[in-house]
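The values are calculated or read from the model by the stated rules, or taken from the named source; none is laboratory data. These numbers were taken from a predicted model, which means no experiment stands behind them. Note: ideal-geometry Cβ built from the backbone for every residue, glycine included; neighbour counts use all protein chains shown. Protein only, heavy atoms only, side chains kept; ligands, DNA and RNA dropped before computing areas. Shrake-Rupley method; radii C 1.70, N 1.55, O 1.52, S 1.80 Å.
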Amino acid sequence: PQLGELRLGECDVANIDAFFSRLERARRTVHHKDGTTSERPHYAANSRRTVRSIVSGILQQAVLHQAIASNPVRELERI
């Protein structure tokens, strides 16, 4: 929903970067058998790379159909 609610014109570097930053910061609490808890990343780096590849492919199709001028995912830093 975070990306799905955006129009193609709103898919700029800032919005896409904010989306991937939220994925990176997302944490989940893990309860261990000894009663302790710890925080772990909700999305592993490999999962975030897969999401990035899918988003990039979709936006590249938008570029090919001249719906947007360029693919903003190409401007982001590597995961």
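Each of Gln2 and Asn46 was given a label point 7 Å from its Cα along the Cα-to-Cβ line. The distance between the two points is 2.1 nm. Based on protein heavy atoms only, the chain ends up with 76 Å² per residue of surface accessible to a 1.4 Å probe.
Rounded to the nearest 10 degrees, the angle from helix 13-25 to the longest Cα principal axis of the chain is 10 degrees. Compared with the dominant principal axis of the Cα atoms in the chain, helix 45-64 is inclined by about 10°. Peptides 31-40, 61-70 ranked from most to least packed, by the mean per-residue count of other Cβ atoms within 10 Å: 61-70, 31-40.
Think of segment 29-79 as having a plus end and a minus end, set by charges on the Cβ of Lys, Arg, Asp and Glu; of Asn71, Asn46, His31, Asn46 sits farthest toward the positive end of this dipole.
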